[in-house]
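Colleague: One structure, pasted below without further comment.
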Amino acid sequence: MTEHDSSGLEDSLGYCFKNKKILTEAITHRSFFHENPDRADAYNERLEFLGDSVLGLVIVEYLFLLDNRLTESVMAKMKSYLVKEAVISEVSTSLSIGNYLRLGKGEEATGGRKKKSLLADAIEAVLGAVYMDGGFEAAREVILRLFRRRINDIVSSGEFHDFKTDLQEKTQLLFGTIPEYKTIREEGEEHRKVFTVEALILGERYGTGSGKSKKEAETLAAKEALGRLK
């Protein structure tokens, strides 16, 4: 694959660009642009900004039309989950976008093709490029091809909640305070630690969770605490 051969990416997207230059811009990182001013007219941050908005609109529209029982609050949480870096970078990885990126030597040397943040930015830029090249209908078609299964999965499973935020809102409403999280145990070798955390409300334990990171343990403790409050 040559630097400018992005036909494989077009095949993965299911979209053929009329203007190949805008796709090239979408896969050009600022590091490449600054190191190679004679080989790049622009880099992808403007398209990334645009693509982020288009992605959000398509997801919200899909949720809105999918089920009229979904409240504004639930749709907002679902959208927030679907556009977070971890989810978008998974989509980007499934398209092998990292293989097509134009990176500077520094980014290349530090594993830029596998960085989640960079991959997430790249897929948003590509979606922005689809919108500019083919319009909203083309962008919607590509986005739903990539995200429809994920959207349907979280709608059916309900696994999209930010349990810590939910618990904070609940405790403020019921007790006029916010929960505290206390790490009560750390076990295992340094690279395989398991953390156990308690969720406390007014000093009383409402939930306990264990995970490979403090954040995961706090999330599980918050989930248990919410169950107890209900």
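The values are calculated or read from the model by the stated rules, or taken from the named source; none is laboratory data. The structure displayed is predicted, hence computed values, not measured ones. Quick reminder, even Gly has a Cβ in these numbers, built from the backbone with ideal geometry, and neighbours come from all protein chains shown.
Colleague: Determine whether the range 118-131 contains at least one residue that is over 19 Å from SER12 (Cβ atoms), assigned by TED's automatic domain parsing to the domain that holds PHE17 and surrounded by fewer than 24 Cβ atoms within 10 Å (Cβ to Cβ).
Modeller: no
Colleague: Filter the range 141-153 down to the residues that are surrounded by fewer than 18 Cβ atoms within 10 Å (Cβ to Cβ) and not acidic (Asp, Glu) and list them by number.
Modeller: Once the filter is applied, which keeps residues that are surrounded by fewer than 18 Cβ atoms within 10 Å (Cβ to Cβ) and not acidic (Asp, Glu), the range 141-153 yields LEU144, ARG145, ARG148, ARG149, ARG150, ASN152.
Colleague: Next question, about the same structure. It is to be established whether one or more residues within the range 199-207 are within 27 Å of the chain's Cα centre (by Cα) and surrounded by 12 or more Cβ atoms within 10 Å (Cβ to Cβ).
Modeller: yes
Colleague: Could I ask something else about it? For the condition surrounded by fewer than 17 Cβ atoms within 10 Å (Cβ to Cβ) and within 17 Å of SER80 (Cα to Cα), what is the one hit in GLY188, GLY158, GLY135, GLY176?
Modeller: Exactly one residue qualifies, and that residue is GLY158.
Colleague: Residue under question is LEU65, and the condition is that it be more than 17 Å from the chain's Cα centre (by Cα) and not hydroxyl-bearing (Ser, Thr, Tyr); does it hold?
Modeller: Yes.
Colleague: Go through GLU198, GLU137, GLU169, GLU216 for me and flag whichever is of a type in the set (D, E, K, R), in a helix (DSSP H, G or I) and modelled with pLDDT of 95 or more.
Modeller: Matching residue, one of GLU198, GLU137, GLU169, GLU216: GLU137.
Colleague: Please find, among GLU124, GLU180, the residue that is at pLDDT 90 or above, in contact with a Leu (Cβ under 8 Å, 6 or more places away or on another chain) and closer than 29 Å to ASN99 by Cα.
Modeller: None of the others qualify; the one that does is GLU124.
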